[in-house]
Structure formats: structure tokens, C-alpha cells
1. Considering only residues that are surrounded by fewer than 24 Cβ atoms within 10 Å (Cβ to Cβ) and touching a residue at least 40 places away in the same chain (Cβ under 8 Å), which ones fall in region B:9-34?
2. Any residue at all in region A:145-154 that's more than 7 Å from chain B (Cβ to nearest Cβ), at pLDDT 85 or above and within 15 Å of residue B:63 (Cα to Cα)?
3. Evaluate the following for residue B:37: is it surrounded by 24 or more Cβ atoms within 10 Å (Cβ to Cβ) and in contact (Cβ under 8 Å) with a residue 12 or more places away in the chain?
4. Which pairs do you get when a residue that is without any contact (Cβ under 8 Å) to a residue 12 or more places away in the chain, found in region A:37-49, comes within reach of a residue that is among the hydroxyl-bearing types (Ser, Thr, Tyr), reach meaning Cβ atoms under 7 angstrom, with the pair 6+ apart or on two chains?
5. Out of all the residues in region B:27-44, which are among the β-branched types (Val, Ile, Thr) and within 9 Å of another protein chain (Cβ to nearest Cβ)?
6. Identify the single condition in (1) at pLDDT 90 or above; (2) acidic (Asp, Glu); (3) more than 22 Å from residue A:129 (Cβ to Cβ) that residue B:94 does not satisfy, given that it satisfies every other one.
7. Take residue B:40 and decide whether it is within 24 Å of residue A:172 (Cβ to Cβ), at pLDDT 90 or above and of a type outside the set (A, V, I, L, M, F, W, C).
Amino acid sequence: MVTGAFYSLAPAMAEFATNKVDKGFSTERVFFWAFALLVLAGATMTVTRRNNISAVMSLVGTFFGLAAMYAMLQAHFLAALQVLVYAGAIMVLFTFVVMVLNRDEAEPWAFHGVFSKLAIGVPALGYLVVKIAGYVGEAAEGDAGSASRADFGTVAAVGKILFTDYLFAFEAVSILLLIAVIAAVVVARSHKPDEAEGLTLPTEPSGHSEHH
Amino acid sequence: MIPASDFLIFAAILFAIGTLGAILRRNALIVLMSVELMLNAANLTLVAFGRVHQDVKSHAFAFIVMAVAAAEAAVGLAIVVGVFRSKRSVNIDELTALKH
């Protein structure tokens, strides 16, 4: 279905027809398909697994594949950040939360029965893809594989623009992160006084803890 | 040479998968992960267009999006943990306290 979606859309065929882009099996194309397969498989497994840890691990694989695609697009700084921030920090946070919650789902899906899931899922997916790809056809005139200058997408280039043109956004995001840290601590902490001071474990009903 | 539309259509498919996960699943953790998928699809679109126009502005934008996604994941997970403390469940269908 994915291949059909790719090659049945008019803009891609128009680009093939004008002979501007590579039609055959170049090395880049093979790598693109390999990483695209990894990302799509990981994404599909993430949204379909009943076991939470399986979903988290497949999302980690998805993020690694996406980092490879950023590297293919000469976004080296973002590729490194993707691995460090997304796969390395956010997914570790998800893993810890899954450990704390520690249960598999009894009934994971909002609709019961395979047929109703397919009947809603496939048309929804098809509609979304067609709608979004319709906008893509109008805008995508460029070639994403030609040579670019040597300092494109490096840490220096992105850092220069972050610290000059977008300095306010950078500083605002740092404050946002500070707010998020404080909010996460306040929301997730226990509000019972004995638990909060670390004197008792959350499972104990009473508050006696000093006498052991 | 890979046309930009390949990356853009692929990002569209990824976004659609994330949307389906956020709509069809009942576990709050899986919904949060699907939201992360959608944010990553948007990032991929940004980086693809940055490549087309040879501009690192979109890389800076994607960097900000990554930071905001990290903050949102942290607060969302804190809320999930807080809700689990009282309800002992992460099923979003059970959060009906504000329903009239």
C-alpha cells in the first residue's frame, strides 16, 4: 500500500517525466528505501503493540531511522540531536514511566474487532495521506539530493543562526524547559506528607516509619 | 538524487500513522508516543524543505520543535503518573470526571 501511494501520485510521476531526477536504483535511493522501511515498520509497531515496552523500543528504532534520514538531507546537527534528545532522553523517560506504571493493557483498542479497526483505520489513513500529499505536490519542486555547500547543516551554521537571528526563540525555549521541569516535579510528586519526605514507600497504608 | 517529494510524502505517511495511533489507542502512553511521531514527521518536512532551499533556518526551527516536544513529553508523562496515582489506570476512556 505504501509503494502504491508513492508511485501513484501525480507530482512524483511528473518529476520522473521531466528527467530531472534519478529514475533508477542509485545508492542513495536504496538507502532511502532501507531507512524508510525501518521508520515505517517502527512507527506501525509503536501504534499497534499491546506491550508498552515493545512500543517504546520500536519508537527508539524509528528515531534512529529518522536520524539517518536527517543525515541523508545533510542535517548533521539535527541527526546527532535526534539521537541524543529523542532516542536518548525522551525515550528513556518513557521507559522509566512504563516501569513505574508496570501494567499491560487489558483492552488496548478503542474499537473492538479487527474488521471495525480496518474499516476505520484504512480509509482514515488513505484520506490523510491523499490530503497531505495533495499539498506536497504543489510545493515540492526542489531536488533534495543535489550537492550543497560544505558547511550546510553543520553545528556552526545552525548555531550561528540560532544565536543571531533566533536568539529570542532560543532563550524563550530555555525558560520553557525550566517551566516544564518545575511543572513535572510538582505534578508527579506525591502529596501525602510521609511519602513526600521519603519516609515511607507509597504502598504502606500507615505513616509510621521511624521505628524499624 | 532523491526528489524532495519522496521525503515529504514519507513524512505525510508517518504523520498519518501517528494520528491513527493517537485516535485509536486507549493507553495514554501510546497516545503520547503517537504525538511524538507526529512531531517528528513535521521535523522531517522542515528539514526536507531546508535542504531544497539550502537554508538552515528550518534546522533552527526543527531544533526548537525538538526542545518543545521534550518539554511536552515530560509534562505529559508527569500528568499520566499523577493520574495513575489516584485512578490506578492509564486508560483514557476512564477519565470522565469533567463530563456532565
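The values are calculated or read from the model by the stated rules, or taken from the named source; none is laboratory data. Everything numeric in this text was worked out from a predicted model, so none of it was measured. No Cβ is skipped: glycine too gets one built from the backbone with ideal geometry, and neighbour counts run over all protein chains shown.
1. B:26, B:28, B:29, B:31, B:32
2. Looking only at region A:145-154, we keep the residues that are more than 7 Å from chain B (Cβ to nearest Cβ), and these are A:147, A:149-151, A:154.
Among the residues that remain, those that are also at pLDDT 85 or above are: A:154.
Filter again for within 15 Å of residue B:63 (Cα to Cα), leaving A:154.
Yes: one or more hits.
3. Yes.
4. A:47/B:34; A:49/A:58
5. Scanning region B:27-44 gives a single hit, B:30.
6. Here residue B:94 clears every test but (1).
7. It is true that residue B:40 is within 24 Å of residue A:172 (Cβ to Cβ), at pLDDT 90 or above and of a type outside the set (A, V, I, L, M, F, W, C).
Yes or no, residue by residue, for (1) closer than 16 Å to residue A:93 by Cβ; (2) aliphatic (A, V, I, L, M):
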{"site": "B:52", "(1), (2)": "no, yes"}
{"site": "B:57", "(1), (2)": "no, no"}
{"site": "B:82", "(1), (2)": "yes, no"}
{"site": "B:91", "(1), (2)": "no, no"}
